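One structure is given below, encoded as structure tokens.
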Amino acid sequence: MMAALVIQWLALASLLAGGAVSLDNGLALTPPMGWMSWERYRCNVDCTTDPYNCISEELYMEMADRLVDQGYKDLGYEFVNIDVHSRGLKLGIYGDIGTMTCGGYPGSYGHIETDAMTYAEWGVDMVKVDGCYANETVFAEGYPAMGKALNATGRPIVYSCSWPAYLKDVRN
Ligand SMILES: *[C@@H]1O[C@H](CO)[C@@H](O)[C@H](O)[C@H]1NC(C)=O
Ligand SMILES: *[C@@H]1O[C@H](CO)[C@@H](O)[C@H](O)[C@H]1NC(C)=O
């Protein structure tokens with residue numbers, strides 16, 4: 001069951017126009033691997049009536065323990081979506097370049113530098129930036145700005161950018 005929950009992320013590099021552009025910051029030289037709650041648990045936070053299908057601190061801690069105990073970490077599955085640095089794992093988080101996330105939580109639109117600084121202060125190692133509640137102008141301005149802002153924090157943070165997924169000619 002755990003195997004089904006282990007997600008492998010692909011790096012953005014191959015999707016960049018021209019194919020020759022990549023940031024030499026030592027990050028994501030191999031595909032970042034780890035555990036991500038979205039595919040199985042979505043945005044369900046109702047642990048009262050739906051305890052086995054909700055996201056909670058307990059869920060992240062349990063999955064972090066399993067990544068370590070069952071040997072996944074040794075194989076390179078080192079990212080988890082919440083703070084588990086104490087187990088030697090890395091923290092991944094989710095945001096959105098638009099006004100709201102796909103689940104309706106606040107997005108980074110108008111707060112890109114603040115959000116990048118906040119991620120760095122929280123000790124985030126990877127951020128996925130989704131593209132709901134945005135348009136092509138917001139993508140074209142926001143995604144590069146987020147890249148620059150993350151770089152400017154000085155903390156090595158893998159940037160998982162959803163930009164290409166939202167462009168019509170890439171999506172089909
Ligand atoms: C920022 O980008 C430069 C290249 O432009 C890179 O050398 C450096 O490692 C990056 N820093 C971080 C923290 O990502
Ligand atoms: C794109 O979205 C932003 C943020 O909601 C908005 O201010 C802007 O007017 C939109 N532009 C277009 C062309 O729809």
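The values are calculated or read from the model by the stated rules, or taken from the named source; none is laboratory data. No experiment lies behind these values; they were computed from the predicted model shown. Areas reflect the complete protein model, heavy atoms only, side chains present, ligands, DNA and RNA absent. Shrake-Rupley method; radii C 1.70, N 1.55, O 1.52, S 1.80 Å.
Some values worked out for this structure:
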{"item": "Average accessible surface area per residue within region 108-172, 1.4 Å rolling probe, Å²", "result": "54 Å²"}
{"item": "Y109 accessible area, assembled protein chains, probe 1.4 Å, Å²", "result": "130 Å²"}
{"item": "Anisotropy class of region 30-166 from Cα gyration tensor, a/c 1.5 cut", "result": "oblate"}
{"item": "For M126, solvent-accessible area (1.4 Å; no DNA, RNA or ligand), Å²", "result": "10 Å²"}
{"item": "Residue-level accessible surface for E57, protein heavy atoms, 1.4 Å, Å²", "result": "140 Å²"}
{"item": "Protein accessible area in region 122-172, 1.4 Å probe - carbon and sulfur %", "result": "56 percent"}
{"item": "Inverse mean reciprocal Cα-Cα distance (Kirkwood Rh) of region 92-142, Å", "result": "10.9 Å"}
